[in-house]
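A.B. asks: Before I ask anything, let me first share the structure, which is written out below as structure tokens.
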């Protein structure tokens, strides 16, 4: 099973990450580790490969442009789509961002690749940028439900429920996450999407 994680710096994770480190600093890497551990417990011979195709500073339009190279050419079975944070930072309308994400969902469907839609996480120290995130995330959730896609709510997993700000426990610089944050992203994505999928695969 090949999974591509498509996104920006939130997908890239921490640049100093080393694959043999016990501190997993990107959510795709931690997601793969959790999958390996779970499959081992199931005594399954299935292999899961999670490719990190995040690019720092990328916009949803850039993710569209490289979809063929980074997802289709990799012969992915699934693509996790996490984008929009940088678009919001540049002041783009959430409607336009959601339109770009919908085009990526379309591209996946047309290639027979199953898309997983993610909400964008919150931010800490820039409260004026939280409302557009909430608006965009509502659009992402609605579109995912309309299409029958799995929606992984990264915002909910990493935000303080009382303030809607990015939790201080998960913040590196207010925008990016620290190791704990990326690990939580991986754990939440695993528990709410990949684990049930692997369990279903075992049953079938």
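The values are calculated or read from the model by the stated rules, or taken from the named source; none is laboratory data. Please read all numbers here as calculations on a predicted model, not as lab measurements. In this analysis, Cβ positions are derived from the backbone assuming ideal geometry, glycine residues included, and neighbour counts consider all displayed protein chains.
To keep it simple, each residue is scored yes or no on (1) touching a helix residue (DSSP H, G or I) at 6+ places or on another chain (Cβ under 8 Å); (2) crowded, with 16+ Cβ neighbours inside 10 Å; (3) outside any helix (DSSP H, G or I).
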{"position": "130", "(1), (2), (3)": "no, yes, no"}
{"position": "145", "(1), (2), (3)": "no, no, no"}
{"position": "155", "(1), (2), (3)": "yes, yes, no"}
{"position": "162", "(1), (2), (3)": "no, no, yes"}
{"position": "182", "(1), (2), (3)": "yes, yes, no"}
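A.B. asks: May I pose another question? Say we look at the range 1-24 and pick out the residues that are more than 15 Å from residue 78 (Cα to Cα), assigned to a loop (DSSP other than H, G, I, E, B) and in contact with a strand residue (DSSP E or B) (Cβ under 9 Å, 6 or more places away or on another chain); which of these is modelled with the lowest pLDDT?
C.D. replies: Here the residue is 14.
A.B. asks: Follow-up question, since we're still on this one. Going residue by residue through the range 164-171, is there one that turns out to be within 18 Å of residue 91 (Cα to Cα) and surrounded by fewer than 22 Cβ atoms within 10 Å (Cβ to Cβ)?
C.D. replies: No: zero hits.
A.B. asks: Now for a separate question. Among the residues of the range 82-93, are any modelled with pLDDT of 95 or more, touching a strand residue (DSSP E or B) at 6+ places or on another chain (Cβ under 7 Å) and not in a loop (DSSP other than H, G, I, E, B)?
C.D. replies: Scanning the range 82-93, I find at least one residue that is modelled with pLDDT of 95 or more, touching a strand residue (DSSP E or B) at 6+ places or on another chain (Cβ under 7 Å) and not in a loop (DSSP other than H, G, I, E, B), so the answer is yes.
A.B. asks: What do you reckon, is residue 180 out of contact with any strand residue (DSSP E or B) (no Cβ under 9 Å at 6 or more places or on another chain) and at pLDDT below 95?
C.D. replies: Taking the combined requirement at face value, the residue satisfies it.
A.B. asks: A further question follows. Every residue in the range 40-69 that is under 14 Å from residue 101 (Cβ atoms) and part of a helix (DSSP H, G or I), please.
C.D. replies: 60, 61, 62, 63, 64, 65, 67, listed by residue number.
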